[in-house]
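Chemist: Before we start, here is the structure in question, set down as structure tokens.
Derivation of every value follows stated rules applied to the coordinates shown; laboratory data play no part. Note that this is a predicted model, so its numbers are computed, not measured. Positions of Cβ are generated from backbone atoms using ideal geometry, with glycine treated the same way; all protein chains shown enter the neighbour counts.
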Amino acid sequence: MSKSGANIAILESIDLTIGYAHQGRPPLILASHLRLNIESGQVIGLLGPNGSGKSTLLRTLAGLQPPISGSITIQGQPIKSNQVRQTARMLSVVLTDRIDVRNLTVYQLVSMGRYPFTDWLGREEDHGPERILTALHQVRLAGYANRFFNELSDGEQQRVLLAKALVQDTALIILDEPTAHLDLPNRISIMRLLRTLADETGKSILFSSHDLDLAVHTADHLWLLQNGGKLIQGSPRELMTGNAFEDTFRIGTDDLDQDIVTDYFRTLKKSNIAK
Amino acid sequence: MNTKKTRWIFPMLTGILVLAFFGDLVFGSIRLSSKDFFDALLGRPGDQNISYIVWSLRLPKAITAILAGSGLALCGLMMQTLFRNPLAGPFVLGISSGASLGVALLVMASSWFGGHAMVQVFSYGHLGMVLAAMAGALIVMFLVIWVSVRVADSVSILIIGMMFGSATGAIVSLLQYFSDPDAVKSFLVWTFGDISAVTAEHLKLLAPIVIAGLLAGLMLKKPLNALMLGENHARVIGVNVKRFRIIIIIVTGLLTGAITAFTGPIAFVGLAVPHLARAILKSSDHKALTPATLMCGAIIMLICDILAQLPASNQVLPINTVTAIFGAPVVIWVILRNRRGRTPFVS
């Protein structure tokens, strides 16, 4: 996997604690004292079992919910969850929430990525149309501009949302489970697209996934978030040599279940280290 | 991207609007010859009575129809977009129920204390009734805003708005139960809706509020387009969801409150017209959808007013019955059309 030479820090978190604050009760803490950083052009995969707090971590990094404590900076500027417009200029987010709007064209949807930059009347900018068509080309959807979004396949919709994130012109793109609901060819194609975009544009990409195999192939760096809030970081190769995967995806209750998981990781490691 | 279609849709809507406007001036319980009508309209010397009918009765009524139709339709559109619910309308926030509570209190509760005299003083169409309705609408609006600052999601606002509506509706029922039949009747007549009660004097108050609301609604096209995707999608492209939610509620509250105060609650226009505009435009882009909704609302209201005059020449139907009879088939049609759209393999 290629990695560009001069790396600039894009995202940094210091002593970050994530979770949910409750009024009058102690907060629910999912992970604490996280020290994270993402460099330019890096693709980072966030993996972890259900309930470990992957979505919460992504939502916190994206400024969609405030951290319990600690700070997050993007290119040196702090992220504040109440300043959505500034945040939208620093990072873009691809969500899995379904968009159910009829008669909405791909072009119209992608153009909404320019929202933080257009004036309050949403007038088109000088180079707006060019940017949008370029982004559609980058996600391999050239010629789709006038198609209706709700008539596209799930894989195509995902790529339209990625194009919307691209026109937002941010150094970091965060994707929450971009391969959920997709079949295998589409999952592979989305992951390859993320890799290519990072290499071609120098943008950093952070995605969460349950596709361990694909994530291992795509990412420069993995964040393994365990139940209990421990986060293990490293390159896929580094993590493969230890027991990090088994520890992260441990199932405490059933021996047979755990054997199957261990077998799975043995195969995964064999196929990846052999390369 | 529907520029080719929009190009002829807006001139067409403008044409229909002008026709409907003049139609509403010409048709009425007193038939006017076209010569008399144009004489009166252009201020040529002629029959004073006809001049009075055109200028003091029909013109204010037609203008009210345009204001009420476009205002309610805009509220319906904003509510449907904000709540992403095709069945939302201007009345979901309970604001018009607040208006009816104001009127009910004035008409019925006053009859307990002052007897008929009070009802006579604040007789139908009088400014006192308007002020009572406005006060009721504003109180509910502020309650809804107070709540919406405190809850995170729009669905809760929708539910709470409907609860306010139900509660005020129940109080109105109680008032009716304990009031004498005359007072109940004058309240019921108010609920039928009447745009002819709005005089030129009233328009001086109603028109600025509605025009300000319409302009605000037209300027909200960018956040409305974003909110249509869902609140999370709107947030990640930089929309301050909470702020725009409150702005939309204020604009809707002022429009619905003011219109309901002057004309009584007019059903269905707000719910049905945005669907009509979407079907005509085949676009969900508020840049075109908002103006089209305003124009369709004005047209439908003018047509409903013409229909309310026609059937029995010297009897006028309550406007609410006409809009509902027109609105129900539209809503049914939209639901049937949506069902067809969801099924794949059918174009």
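Chemist: Between residue B:109 and residue B:56, what is the spin-label point distance in nm, taking each point 7 Å from the Cα along the Cα→C-beta axis?
Modeler: For residue B:109 paired with residue B:56, the spin-label model returns 3.5 nm.
Chemist: Under 8 Å for C-alpha pairs, at least 6 residues apart: give me the relative contact order for chain B, rounded to a whole percent.
Modeler: 30
Chemist: What distance in nm separates the simple spin-label points at residue A:130 and residue A:142, each placed 7 Å from Cα in the Cβ direction?
Modeler: Placing both labels 7 Å along Cα→Cβ, they lie 1.6 nm apart.
Chemist: Going by amide H atoms built from the backbone, whose H comes under 5 Å of the H on residue A:30, apart from near neighbours?
Modeler: The answer is A:18, A:19, A:20.
Chemist: Please list, or write none, the aspartates and glutamates whose alpha carbon is within less than 15 Å of the alpha carbon of residue B:222, excluding same-chain residues fewer than 8 places away.
Modeler: Those aspartates and glutamates meeting the cut-off are A:119, A:124, A:125, B:231, B:285.
Chemist: Considering only A:51, A:202, A:113, give the residue with the highest GNM mean-square fluctuation for chain A, with springs between Cα atoms whenever their separation is below 10 Å.
Modeler: Per the Cα network of chain A with a 10 Å cutoff, A:51 tops the list.
Chemist: Another question, if that's okay. Could you tell me how far the Cα centroid of segment B:1-60 sits from the Cα centroid of segment B:131-177, in Å?
Modeler: Centre-to-centre (Cα) distance: 38 Å.
Chemist: Let me ask you something else. Could you check what % of the DSSP bridge pairs in segment A:9-234 are antiparallel, to the nearest 5?
Modeler: 55
Chemist: Based on the Cβ-Cβ distance from residue A:181 to residue B:142, what FRET efficiency comes out when R0 is 30 Å, to the nearest 0.05?
Modeler: Computed FRET efficiency for residue A:181 and residue B:142 comes out at 0.10.
Chemist: Follow-up. Sort A:125, A:12 so the one with the fewest other Cβ atoms within 10 Å of its own Cβ comes first. Working shown, then result.
Modeler: Details: A:125 13, A:12 17.
Going from least to most buried by this count: A:125, A:12.
Chemist: What's the FRET efficiency of residue B:321 with residue B:182 using the Cβ-Cβ distance as r and R₀ = 30 Å, to the nearest 0.05?
Modeler: 0.85
Chemist: Starting from the Cα of residue B:29, step 7 Å toward the Cβ, then list every residue of segment B:40-66 with an amide N under 20 Å from that point.
Modeler: B:48-65
Chemist: List the residues, sorted by chain then number, that are 5 or more residues from residue A:223 or on another chain and whose placed amide H is less than 5 Å from its amide H.
Modeler: A:45, A:46, A:47
Chemist: Let me ask something else about it. Going by C-beta contacts inside 10 Å, put A:164, A:54, A:230, B:221 in order with the fewest on the left.
Modeler: The order, fewest Cβ neighbours first, is A:230, B:221, A:54, A:164.
Chemist: How many nm is it between the label spots at residue A:201 and residue A:258, if each spot is 7 Å from the Cα in line with the beta carbon?
Modeler: 4.4
Chemist: Is the shape of segment B:167-257 rounded, prolate or oblate, going by the alpha carbon gyration tensor and its root eigenvalues a ≥ b ≥ c, with a/c under 1.5 for rounded and a/b larger than b/c for prolate?
Modeler: Taking the square roots of the gyration eigenvalues as a ≥ b ≥ c, segment B:167-257 is oblate.
Chemist: Right, here's the next one. For n ≥ 4 DSSP H runs only, could you compute -39500 (n - 2.57) per run for chain A, divide by its residues and tell me the 222 nm figure to the nearest 500?
Modeler: Computed mean residue ellipticity for chain A: -11000 deg cm²/dmol.
Chemist: With contacts defined as alpha carbon pairs under 8 Å and 6 or more residues apart, what's the relative contact order of chain A in percent? Can you show the working numbers first?
Modeler: Working: 499 pairs, mean separation 65.9, N = 275.
Once normalised by length, the contact order is 24 percent.
Chemist: Sorting B:319, B:139, B:30 on the 10 Å Cβ count, fewest up front, what's the list?
Modeler: Neighbour counts put them in this order, fewest first: B:30, B:139, B:319.
Chemist: Here's a follow-up. Placing +1 on the Cβ of each Lys and Arg and -1 on the Cβ of each Asp and Glu in segment B:3-337, which of B:189, B:128, B:62 has its Cα farthest towards the positive end of the resulting dipole?
Modeler: Of the candidates, B:62 comes out farthest on the positive side.
Chemist: Also, quick follow-up: Which entries in A:54/A:269; B:204/B:282; A:230/A:270; A:80/B:287; A:230/A:269 show an alpha-carbon gap greater than 29 Å?
Modeler: Violating the 29 Å Cα-Cα cut-off are B:204/B:282; A:80/B:287.
Chemist: Give the shape of the protein assembly as shown as rounded, prolate or oblate, defined through the alpha-carbon gyration tensor: a ≥ b ≥ c are the square roots of its eigenvalues, a/c under 1.5 means rounded, and otherwise the shape is prolate if a/b is larger than b/c and oblate if not.
Modeler: On the way: a/c = 2.96, a/b = 2.11, b/c = 1.40.
The shape class here is prolate.
Chemist: To the nearest 20 Debye, how big is the dipole of segment B:3-337 about its Cα centre, given +1 on the beta carbon of each Lys and Arg and -1 on that of each Asp and Glu?
Modeler: 1360
Chemist: Can you tell me how segment B:3-337 classifies by the Cα gyration tensor, rounded, prolate or oblate, using a/c under 1.5 as the rounded cut?
Modeler: Since a/c reaches 1.5 but b/c is at least a/b, the shape of segment B:3-337 is classed as oblate.
Chemist: Would you give the gap between the C-alpha center of segment A:120-193 and the C-alpha center of segment A:215-262, rounded to a whole Å?
Modeler: After rounding, the separation between the Cα centres reads 30 Å.
Chemist: As a test of the formula, what do you get for chain B when each DSSP H run with n ≥ 4 contributes -39,500 (n - 2.57) and the sum is divided by the residue count, at 222 nm and rounded to the nearest 500 deg cm²/dmol?
Modeler: Helices in chain B give a 222 nm mean residue ellipticity of -24500 deg cm²/dmol.
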